[in-house]
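Below is one structure; the comments refer to it alone.
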Amino acid sequence: MVSVRLPDGSQRQFDAAVTVSQVAASIGAGLAKAALAGKVDGKLVDTSYLIERDADLAIVTDKDSDGLEVIRHSTAHLLAYAVKELFPDAQVTIGPVIDNGFYYDFSYKRPFTPEDLEAIEKKMAELAKKDELVERKVLPRDEAVAYFKSIGEAYKAELIASIPAGEDVSLYSEGKFTDLCRGPHVPSIGKLKVFKLMKVAGAYWRGDSKNEMLQRIYGTAWAKKEDQDAYLHMLEEAEKRDHRKLGRQLDLFHFQDEAPGLIFWHPKGWTVWQQVEQYMRHVYQDNGYQEVKAPQILDRTLWEKSGHWDNYKDNMFTTDSENRHYALKPMNCPGHVQIFRANMHSYRELPLRYGEFGQCHRNEPSGSLHGMMRVRGFTQDDGHIFCTEDQILDECVAFTALLQKVYRDFGFNEVIYKVATRPEKRVGSDELWDKAEQALIASLERSGCAYEITPGEGAFYGPKIEYTLKDAIGRPWQCGTIQVDFSMPVRLEAEYVAEDNTRKVPVMLHRAILGSLERFIGMLIENHAGALPLWLAPTQIAILNISEGQADYAQKLEQNLKKQGFRVHADLRNEKITYKIREHSVQKLPYIIVVGDKERDANTVAVRARGNVDLGVMSLDSLVERLQQELTSKA
């Protein structure tokens, strides 16, 4: 007798071992048809999986996130099946699930073309219509190696040969195609109905640049067509908003090969940077932070003492001078501890909050660099709070409230909260990690924030809250963080004088709101599609004269507005007014002022807001009042 307990708490009894699909059929024909996989005692399995003892079971359908993963995993195999049908000489390697889709790497004698992708996708649809069963079998490792060698699949044979001797491996077959895989897979390929191949890229075999360059075909797969349509629309929007394209179009910044992962800021882009930095400087000043500046290069011994060298040395730029070894700082925390240690502090001074616009460098692999989103040189709005254990909760609650306010000012109202707990490789005792994790969770609960736990994702020195934003097209961006660290102050010998006159070690809270300023500005550009709000726009107003007769008036307006603190430019070129309006509209300026003889004679301005919105003729004072209100509200 086998007892199966379902998620609703009900139980079903079977006289003998039973498959997941048979359990689904016993519940109802509709569920049996919809079943893609099962979860037996928390483990994802095929519908053909045999339950031989009492177990908890959840039937997985396309309504579940696990179901979507099974669909994508199975579609990767369908892609490989189609490639082998069309290009029998191609060799298959690996094909995992990734965010929003999958990829599969192939070795083939020539590059795949866009026409090839169209043919492959068409063949995938044809194969799916056959609705062939997906069948699993298990072979001893050496037998599986021999099988793949016999069909000319050298990469698969190499993969399996790397598995320890004596182990069994699972193979999945659909029609004439067999692949190595742990599974699970959909019961038949007719379940795969919504997919699209996206692009081809290069990828080294096993990620090693010494190996052959393979061809990686990316695809996306979904349970419903409307979900895929929404995703493809989001990608189209993301393409339009790409900060790298907008950076060139709006003359904000550029990249070049002589400085990989580093940014050349143009005057307009640096203006945006300054607005962001000055805003955050006021945040420091208004919330009890003292701004500091630590050195860019520190002796290697300090990084060893802090624990960064053992955990982070592969990402650090190093240099030697006069027989001493140095590292360019990848983060600011050890420097802030040195500033704290330079003077003896009383418990009455705590919490002591330091803030720095700290420039950091990290030796990121060249393949991971991505515009402003992943760079080698960046600046953090970094801060460290030295406090007592009793002050942790209040500081974390206050920080979350501050962060929410800053995000609202930048136009982000939706924040996702995650608590990243202790990683496998870490410093400090489990008792200290317990305290730190509990403090972060308690702070979010006091703040009324729903959160999720991400096990093992904390920093090596402490757990953290990660604050993730959603942009205008629904993409998530992890920006802010606060981390509780009991260990680094001990390792770097930070102390304060306690109320009983003894020396005690402070707790160190690592915190950032924007994170990397470069990345945050790239995110702002994409969120606003380059049309930055008035307070951030590098040029807020363009003044255009219709003819030479209004040039003096346009210049007087420019001087007046500049004196009032606005970033304004008078375009006095001898061009048609329609041409000038169009050109400045492409630059996504918040406001365009047009002046002709009527405006000059009446001492007024004709105003257009972004999006070709005609605001009509008004006095300069009325315009300034409107601009001031917009700046104050940060609308």
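The values are calculated or read from the model by the stated rules, or taken from the named source; none is laboratory data. Just so you know, these numbers come straight off a predicted model, no measurement behind them. Positions of Cβ are backbone-derived with ideal geometry, glycine not excepted, and every protein chain shown enters the neighbour counts. These area figures cover heavy atoms from the full protein model, side chains too; ligands, DNA and RNA do not enter into them. Shrake-Rupley method; radii C 1.70, N 1.55, O 1.52, S 1.80 Å.
Structure summary
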| read-out | value |
| --- | --- |
| With eigenvalues of the C-alpha gyration tensor scaled by 5 and rooted, segment 191-255, Å | 27, 25, 6 |
| R0 of 30 Å, Cβ-Cβ distance residue 130-residue 52: FRET efficiency to nearest 0.05 | 0.40 |
| Lys, Arg +1 and Asp, Glu -1 on Cβ, resulting dipole of segment 102-213 about Cα centre, debye, nearest 20 | 260 debye |
| Helical mean residue ellipticity (222 nm; -39500 (n - 2.57) per DSSP H run of 4+; nearest 500) of the chain | -11000 deg cm²/dmol |
| Partner lysines for residue 435 [C-alpha distance under 24 Å; skip if fewer than 8 residues away on the same chain] | 305, 418, 425, 464, 504 |
| Cα-based Lys proximity count in segment 162-271, under 17 Å, for pairs eight or more positions apart or on separate chains | 7 |
| Long-range amide H partners of residue 178 with built H, under 5 Å | none |
| Low-density loop positions, trypsin sites (Lys or Arg not before Pro), segment 138-195 - DSSP coil, at most 15 other Cβ in 10 Å | 176, 182 |
| Whole-Hz couplings from phi, Karplus 6.51/-1.76/1.60, listed for segment 396-408; x for Gly and Pro | 5, 5, 5, 5, 4, 5, 5, 4, 4, 5, 4, 4, 4 |
| In Å², nearest 10: area of residue 576 left accessible to a 1.4 Å probe | 150 Å² |
| Highest-first arrangement of 403-411, 447-455, where packing means the average Cβ count within 10 Å | 403-411, 447-455 |
| Nearest-ten-degree value, helix 225-241 long axis tilted from longest Cα axis of the chain | 40 degrees |
| Residue 470 accessible area, assembled protein chains, probe 1.4 Å, Å² | 80 Å² |
| Whole-Hz ³J(HN,Hα) from phi, Karplus 6.51 cos²θ - 1.76 cosθ + 1.60, for segment 304-318, glycine and proline x | 5, 5, 6, x, 5, 4, 5, 9, 9, 4, 5, 9, 10, 7, 10 |
| R0 of 22 Å, Cβ-Cβ distance residue 11-residue 33: FRET efficiency to nearest 0.05 | 0.45 |
| Normalised contact order of segment 69-208, rounded percent, pairs of Cα under 8 Å and 6 or more residues apart | 28 percent |
| Rounded to the nearest 10 Å², the accessible area of residue 316 at probe 1.4 Å | 10 Å² |
| Positive-end residue, segment 361-465 charge dipole about Cα centroid, Cβ charges, pick of 456, 410, 383 | 410 |
| Portion, in percent, of the accessible area of the chain that falls on carbon or sulfur, probe 1.4 Å | 47 percent |
| Linear extension gain, residue 503 paired with residue 63, 0.36 nm per residue minus alpha-carbon span | 152.6 nm |
| Net charge dipole size for segment 217-361 [Lys, Arg +1 and Asp, Glu -1 on Cβ; Debye, nearest 20] | 360 debye |
| Listed residue (57, 108, 83) projecting farthest to the positive dipole end of segment 1-119, Cβ model | 57 |
| The chain - accessible surface per residue (Å², probe 1.4 Å) | 48 Å² |
| Using a Förster distance of 56 Å, the FRET efficiency for residue 41-residue 259 (Cβ separation, nearest 0.05) | 0.60 |
| Residue among 169, 152, 189 farthest towards the positive dipole end of segment 122-209, charges placed on Cβ | 189 |
| Segment 206-226-segment 129-174 distance, computed between alpha-carbon centres (Å) | 20 Å |
| Within the chain, percent of DSSP bridges classed antiparallel, to nearest 5 | 85 percent |
| Table column - 3J(HN,Hα) (Hz), segment 249-259, Karplus curve with 6.51, -1.76, 1.60, x for Gly and Pro | 4, 9, 6, 9, 6, 8, 10, 8, 4, 5, 9 |
| Nearest-20 debye value, segment 484-635 charge dipole, Cβ charges on Lys, Arg, Asp, Glu | 260 debye |
| Which labelled figure in [x] 191; [y] 263; [z] 234 is volume of the Cα convex hull per residue in Å³, once derived from the coordinates | [z] |
| Packing-based order for 164-170, 287-293, 476-482, using average beta carbon neighbours within 10 Å, highest first | 476-482, 287-293, 164-170 |
